[in-house]
Structures are given as structure tokens and as C-alpha cells.
1. Once both labels are modelled 7 Å past Cα along the beta-carbon direction, what's the B:Asp139-B:Thr95 spacing in nm?
2. For chain B, what does the equivalent ellipsoid look like in terms of its semi-axes, each the square root of 5 times an eigenvalue of the Cα gyration tensor, given largest first in whole Å?
3. For A:111-119, what's the mean count of beta carbons from other chains sitting within 10 Å of each residue's beta carbon?
4. How many angstrom lie between the C-alpha centres of region A:512-543 and region A:133-186?
5. May I ask you to derive the FRET efficiency for B:Leu88 and A:Lys8 from their Cβ-Cβ distance with R0 = 35 Å, giving the value to the nearest 0.05?
6. Return the FRET efficiency for the residue pair A:Asp372, B:Ile39: r is the Cβ-Cβ distance, R0 is 41 Å, and the value is rounded to the nearest 0.05.
7. Where in region B:42-58 does the amide nitrogen come within less than 18 Å of the point 7 Å from the Cα of B:Asn78, taken along Cα to Cβ?
8. Rounded to whole Å, give me the distance from the Cα center of region A:77-98 to that of region A:1-22.
Amino acid sequence: MILAALEKEGVELVFGFPGGAVLPLYDTLYDAPLKHLLVRHEQAAVHAADGYARVTGKPGVVFATSGPGATNLVTGIANAYMDSVPLVLITGQVASQFIGTDAFQEADITGITLPITKHNYLVKSAEELPGILSEAFYIASSGRRGPVLIDIPKDVFDQEAYFDYNTECHIPGYNPTYTGHAGQISRAVKAIRDARRPVIFGGGGLIRSGASSVLRQLAEKARIPVILSLMGLGAYPGDGELFLGMPGMHGSVTANYALTEADLIVATGVRFDDRVTGKLETFAQNAKIIHIDIDPAEIGKNVVIDIPIVGDVRQVLEELLRKLKPGHTAKWLKQIETWQNKYPIPIGSSNPGGALKPQFVIRELSRLSDEDTIVATDVGQHQMWSAQHFAVRKPNAFLTSGGLGTMGYGFPAAIGARLAAPENRVICITGDGSFQMNIQELATVVNNKLDMTIALINNGSLGMVRQWQDIFFDKRYSHTTLKGSPDFVKVAEAYGARALRATTNEEATAAIEEAFATKGPVLIDFVVDPEENVYPMVAPNRPINEIITGGDY
Amino acid sequence: MKHILAILVENKPGALTRISGLFSRRGFNIDNIAVGETITPGIARMTITVEGSETVIEQVIKQLHKLVNVIKVSNLSNEPAVTRELMLIKVRAETGSRSDIQQIVETFRGKVVDVSPDSMIIEVTGNDDKLEAIKLLLDNFGIKEIVRTGKVALLRGSRVTREA
Ligand SMILES: Cc1ncc(C[n+]2csc(CCOP(=O)(O)OP(=O)(O)O)c2C)c(N)n1
Ligand SMILES: [Mg+2]
């Protein structure tokens, strides 16, 4: 019955890991046409499904068993919830009569995931299943996307019930608003027309709603520069003429200056995270703010909004595009150009010894990639360097853990991307710390011959934490040096993957070329300068125009 | 400022946990909660009294709306509404003080619902001010225990808070 429902929902692939409580479910998979990717840790199943969902726009589906199987999903679910990724997670539960008795492998997963799912269900009987499954898919993939979990007691898998599946469903308390309020849209048009120093500030909402092309037309027609949050990268081409980069803590100087000096911010599909706004009281003091978002609760949550528009970002931008005329922004764009020339993103500190710079590696990866390349990053310095130096040219092509900042996300997410987009090149940019959080998935990529380049930025430390110790804790490097890391080349080879090592610029370029030319997974261990830090930087809770620059340009 | 929210919610397992969990998770302060059936089967009504500024309350309401089981949220504090709460008070009552207590109870249109050799239980219904006032007066005799239902409220006039 579950597989039949998945088929109705158009699911082609699920990610999972079996166990006692889902034995009946896995038994039906044995001779079903539905594809299943066996991972080596349930956390990887969620992240892979998350990567798959980001690339395809369809909900990622995960199977896991009760108890430890279900609790292993938790980080992945929280991650998807923070980044609004549609997932449907199906967990087995102990048989109904044992629920509440602390039975073997019992965990209250609906209770545990209550605050990190968009909605969840504990199924009581098989009759409820069709209704719950169709609601779950509908809730996960509509409105503001998010993960939905369905917990199914073992005995329910074995029950028979009439299967009447309807992919359309009506839920009384759930009616997302898609069309923006006409009056508010007119006010926005007027505000944009009157602005002299406008910026568009876009985020993940642009990507989820498929608004990239309309955004581009709008920016170019009205001549408004574009700033994208970490989650928004790719919604406007990273090498596009009006692109100012990412704002906030490791944003470009230009983006931060532009937000500070702007007289109008057109915020679309963003949530004004503290990593973006810095000290709230000083954020964008000169600007009127238009905020377009599908989730009314995001509007006015952190920042006071002048023109709120609740709706689907793409639909609202289409309305705006119809009504907008070219703006008077020439002078403003000149000012921005001056900042851009004066403050490019630094490419690394001066380097007499000739050690390999992580920024160089990312720039080479970017230079040698085509515009359809999908990048999945882990979390840390390498993530920020990727955001700064990799020119993401298309939406859904930069997968990163934005809201939760989950080390271990990148590698499984790259697996999901690989399976979602068989034609595109996939690169996982990871760190020596993060990679070890899901390194076991080397077995999955080797076993399934998944073609990808794993670019390991090996700085011998938990670099991002070390950077904070460097700057804010008097260089007291408490537990951030990764002694005892394995030889990553040997580890990859032991799993049966190809692996290369690069310690100089020349080796780095050659290794990337070789990896890109090779079918199947290739790991490159880039041994980089361990002292390198990410700049520019704004200290936490400081005004975003108070920027620590560093390094050479 | 205190706000009284009327929340219509699908009476599904976990629905109340979702709502109370939301309040604690987001740091909203609940003063009290009352829950009960409505005239529509399957739909319960919660009345929640919550403390906070206008912006906080706006955020509370929006977050409540995001819960799939929540059908409607109204802020009754901005409208004329009848608000009531029921309180039971167990007060020390030796034979000598009983008639004094009786008199207070009558003034507040309360009821004596239980009498034992050294105590009485008083039932009284009203708004905050009234309940506080009787509490203060009975305190002179020695209050042993209090229990309150939490506030419930209805809009005045013919308007109703309904699911559609
Ligand atoms: C699961 C998890 N634990 C801890 C952290 C805190 N943290 C943020 S970045 C970082 C260092 C990551 O090290 P590495 O993957 O080597 O990346 P680098 O910063 O060195 O590039 C840590 C420990 C986190 N984000 N996620
Ligand atoms: Mg590292």
C-alpha cells in the first residue's frame, strides 16, 4: 500500500536503511520497481534525500526503522526544516500494543521531531494510511516546504485496508497564500519607482519557488543590484553583472555596504537570519523594506517591514515585473562599482612559502566547471570560501546547510544530487572535520559507482572554530586541531575509490582536471595552508558595515 | 499586556502538545489555558492567555496559524468580549468564622460546595478582578488550596468565532 501511494506521488527513488520494525516494508521493496538507495547511516539518508529534493524540487523520501534508526534521522530532519526542504520520512514503530511500554527499539519519534517537522503523524491503522500519505506529500511540497514524518507501527504494515488514494487533499487548517495582495504590490511598485538606492536581497525562497529567471529579468529591467543569502546562491548568476555577492558575516564588503546605504531593500524569500543582519538595531537603517515571503510568520519576525507581501515569491515577482519600469539607479550602480573595485573578496593571505591556498582550489574548481555543475558543501571555512569563490550560475546548483550549519551534510547531499541529475557534474566540497562525520558513505558511492568529485579542503583542523579562537579567544586552540586524521587517500582507496593528493597550485589544477575526466567517485585531498582564515568578516552581533578585512586581493 | 486568544483546533492526537510546545519553544509566556469541545464534532477550542507586546502577539498568532491542526486564531482582547474563570477555594473555616465567610461568598455570588468540620470549599466565577478580590478577603481566614480552570471568553453580541 505504501509503495502504491509512492508510485501515485511519482516517487522514483527512496533513501533508507532497514531494521526490525520496517521488515514488512522492506520485504515489499524486494521485488518492487521502486529504486532504493542503501546508505550506511540514517543521517546520510536524510541528507541525501534533502540534496535530491533540492535538485529535483520534489519531496525526498526516506525509510528508517524504529528507535535508533529514527533518532539517527533527527539532525537531517532539523536541517531540512531550517532550510525549508520538502521531505517525507517514513519510520517504523514498535507494534501498536507495545507503544508506551519502553519496548525494544521504541522511541517516541513523533514527540522528538515535533519542533523540527512541518507536521508529523503516528498512524493508528492501515485505513488511515492513504489519507495520511497524501496529506504528507501535499504538506511537504506546498506553501513553505518542509519535512513531514509518518511513524507506522509494525503491525500496521501488515494490515489490509481499502486503498483509495487521492493526491489532492483538503486540510481545514492549512491554506497557503500564493497570490500577493494587489494593493501591497502597487505600493511596492511605487516604492521601487521612487527608490534611488535600491537593492534586491534574495534567499532560498527564490530557489524553492522557481523564481530565478523572473528575478533576473526584474533586476535587469529595473537596473537593481542583487544580493543573495547563502541559501539564495544561484538564483542570480554568480558572475552576473548586477550581482554583489552574499551579505552578512562572511559576505562581500560591497553587499554589506549596499544594504547599509540602500534606501530600499526588496527582500524576497529570506528570513533575516542573524548571520545576515548582524546587530539588528543598526541593520539597514536608511532603507524602506519590502518583504515578499510565502510564510507570513517570517514577515516582521526579526526586522520591521514597511511593505509586507505574503505570497509565492515567483508569482509576486511576476506581478512586479509586469508593472515595473527601468529605474534611476545609474548613480547608485556607479557607487557600487567603486566599492566592488576597492573591496573584492580576498583570495588569501600573502604566502611566501607557497603553500596551497583553499581559495585558489575553489576558484580552480569554479573555473574548470560548467554552468550546470552542482556543488554540495559541508560546513566550516571551506563552505564560506565556496560561497565566496565558486560562481554558482544556476538555481539548485549550490547545496549547503544554511540554517542549521550541519557538518556532515555535504557528502550525502552530493549523493542525492548525483541521483537527481544524472547529466550534471557533481562536486562535494568538504573539510577534514566534516567529511569524517559521514565518511562511511564512501561505501555507498563506490558500491553504486556514483560519479562525483570529492574536494577535501584539508587544513588539519576544525578551521572555522579555530578561526574564532584565533580572533576572539586569544589563539587558545582548544580541541580544534585534528590530530589522528587518517590518510584520506588511503581511506578512499580502501573503499575502492580513486584518490589524488594536491599540495601545490599546479598539482591542484592537474588533480581537478584528472578528477573531472574520470568516471566514478574521485577524492582529492587538497592539503592547504592551515593558517588561512575567511575574510571579510563581521563579528557576531556587530553592524554589518563594521568589517574586518584581511588577506590579499 | 495580556491577550486572550481563542484557538480552534482539530481534535487530533498531539494537537495540544503542538500548541503548548510552540509556546515554550519560542519563549512565549502562557498565563493560562483552557480547552474544551465546541459545537462542531472534532474541533476543540483553546483559550490561551498570553503576556506580550503587540509584536510578540502578532508572532504568536502567525506561528499558531502555521500548525497544520490549527484552524483559526482570534485575538479577543481587541474586541468586546465576556471573559470568565472558575475558581475553587478551600478555606479554613472553624464554626466561629463560617457565617463571615458565607457573607463574603454571597457578596461575590459564589457558592459553598463542600463543608467539613474545619474547612469549606467555595466556588466562584468571574473575571480576574473579582477572583483576586475574593481571594484577598478569604485569605484572612486561611486559604488551604486553590484551583482555577483558566479563562474562557466569547465575543459579545451575535458574532462568533467559527472555523469557516
Ligand atoms: C555537527 C556539527 N558539530 C559542530 C559544528 C561546529 N563547527 C562549525 S564549523 C566547524 C569546523 C568544521 O571543520 P572542517 O569540516 O574541517 O571545515 P573547515 O572549517 O576546517 O574548513 C565546527 C566544528 C557544526 N557546525 N556541526
Ligand atoms: Mg578543516
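Every number in this text was worked out from the coordinates using simple rules, so none of it is lab data. Quick caveat: nothing in here was measured; it's all calculated off a predicted structure. So basically every Cβ, Gly included, is an ideal-geometry build from the backbone, and we count neighbours across all protein chains shown.
1. 3.0
2. Its equivalent ellipsoid spans semi-axes of 35, 16, 15 Å.
3. Mean shielding by partner chains, rounded to a whole number: 3.
4. Between the Cα centres of region A:512-543 and region A:133-186 lies a distance of 39 Å.
5. 0.05
6. 0.10
7. Under cut-off, by backbone N: B:48-58.
8. Their Cα centres are 13 Å away from one another.
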